[in-house]
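Here it is: the structure, laid out below.
The values are calculated or read from the model by the stated rules, or taken from the named source; none is laboratory data. A quick note: this is a predicted structure, and the numbers were derived from the prediction, not measured. In this analysis, Cβ positions are derived from the backbone assuming ideal geometry, glycine residues included, and neighbour counts consider all displayed protein chains. Side chains are part of the model used for accessible areas, which takes the heavy atoms of the whole protein and leaves out ligands, DNA and RNA. Shrake-Rupley method; radii C 1.70, N 1.55, O 1.52, S 1.80 Å.
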Amino acid sequence: MKPPPPRDLVVRARDLVWDWVRSAPGTHIWLLIIGVTSLVIASASEGLEQFLLHRNSSNIHELNEHPVPALLISGFWIERPGSFLLYAVMFELVHANVERWMGSWRWLLTVGAAHIAATLASQELVLLAIEGHRLPRSMTHVVDIGVSYGLAAAAGVLTYRLPSPWRYAYLVGVLAFFGVPLVTGATFTDFGHAIALAMGFACWPLTPAARVGPQDEGPCSIEGGTSGKAGPGGGAPPPGGRQE
């Protein structure tokens with residue numbers, strides 16, 4: 001059999017990439033914005049870099065001065081632009097798969113709520129530590145930006161997408177990844193990750209697996225995850241829970 005010409009292979013590859021991007025638009029719009037802000041940080045002078053990082057942080061000072069912008073904008077910046085490629089890989093592995101499965105709006109609700117709740121809870125912890133003289137008052141201006149809280153929530157809800165026995169191995173790995181730092185000298189960020197992960201687990205009712213009966217079998221719908229069929233392992237209950 002004669003192999004297809006290179007031009008056809010390029011067209012097929014382009015179509016596959018485009019279909020993947022369209023299947024998770026929120027993930028890729030978010031990733032594009034992070035790419036732009038990372039370029040801004042990478043090309044800025046040291047003084048401008050520090051100004052941007054602090055001005056767009058969701059620390060105590062910014063939450064008091066500009067609560068809504070601080071909560072929203074902080075999720076579109078990363079402190080080290082050199083880590084952008086790592087985040088891109090994580091977005092494709094975690095966010096894109098969760099968005100394709102749950103649908104864009106449910107995915108956005110999950111990661112958005114987790115980002116806000118984890119940010120507020122972790123900064124409340126910082127405030128209590130400052131008031132108890134366990135942290136300096138300069139921590140009210142600490143740089144607190146990034147996308148890791150949303151990633152932690154997406155990683156949690158992704159548990160329900162995996163078939164057995166991979167689901168349980170993945171669950172152990174996720175709990176170890178976020179749990180070990182929490183019990184070995186946790187920072188306020190580690191506390192926030194734990195909150196976000198727990199919220200991801202709590203978003204089981206938003207998943208397609210929670211909206212189908214145990215008798216339903218078949219592939220999940222890619223478009224919004226609203227098919228009446230559950231994918232492999234799709235009907236699994238939350239960890240330690242029971243399917244109704």
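Mind checking the per residue accessible area of the chain for me, 1.4 Å probe, whole number of Å²?
Ligands and nucleic acids excluded, the result is 55 Å² per residue.
Now for a different question. Could you look at the chain and say what percent of its accessible area is carbon and sulfur, using a 1.4 Å probe and all protein chains?
Reported share for carbon and sulfur atoms: 68 percent.
While we're looking at this one, here's another question. Is there a quick way to get the dipole size of the stretch 112-198? I mean about its Cα centre, with the Cβ of Lys and Arg at +1 and of Asp and Glu at -1; what is the value in debye to the nearest 20?
It works out to roughly 220 debye.
Let me ask another. What angle do you read, to the nearest 10 degrees and between 0 and 90, between the alpha-carbon axis of helix 6-23 and the longest principal axis of the chain?
Orientation of helix 6-23: about 60 degrees from the principal axis.
Applying 1/(1 + (r/R0)^6) with R0 = 25 Å to the Cβ-Cβ distance of A129 and A202, what FRET efficiency is obtained, to the nearest 0.05?
0.45
Between L9 and R211, what is the spin-label point distance in nm, taking each point 7 Å from the Cα along the Cα→C-beta axis?
Simple spin-label model gives 4.1 nm for this pair.
Between 0 and 90 degrees, rounded to the nearest ten: what's the tilt of helix 166-183 against the longest Cα principal axis of the chain?
Approximately 0 degrees, to the nearest 10.
Also, quick follow-up: Any idea what log10 I(q)/I(0) is at q = 0.15, 0.23, 0.24 Å⁻¹ for the stretch 61-132, Debye with uniform C-alpha scatterers and no solvent?
Normalising to I(0) and taking log10 leaves -0.67, -1.12, -1.15.
In degrees, nearest 10, range 0 to 90: what is the angle between the Cα axis of helix 25-43 and the longest Cα principal axis of the chain?
40 degrees
Once fully extended, how much extra length lies between H54 and V68, figured as 0.36 nm per residue of separation less the alpha-carbon to alpha-carbon distance?
3.5 nm is the gain from fully extending H54 to V68.
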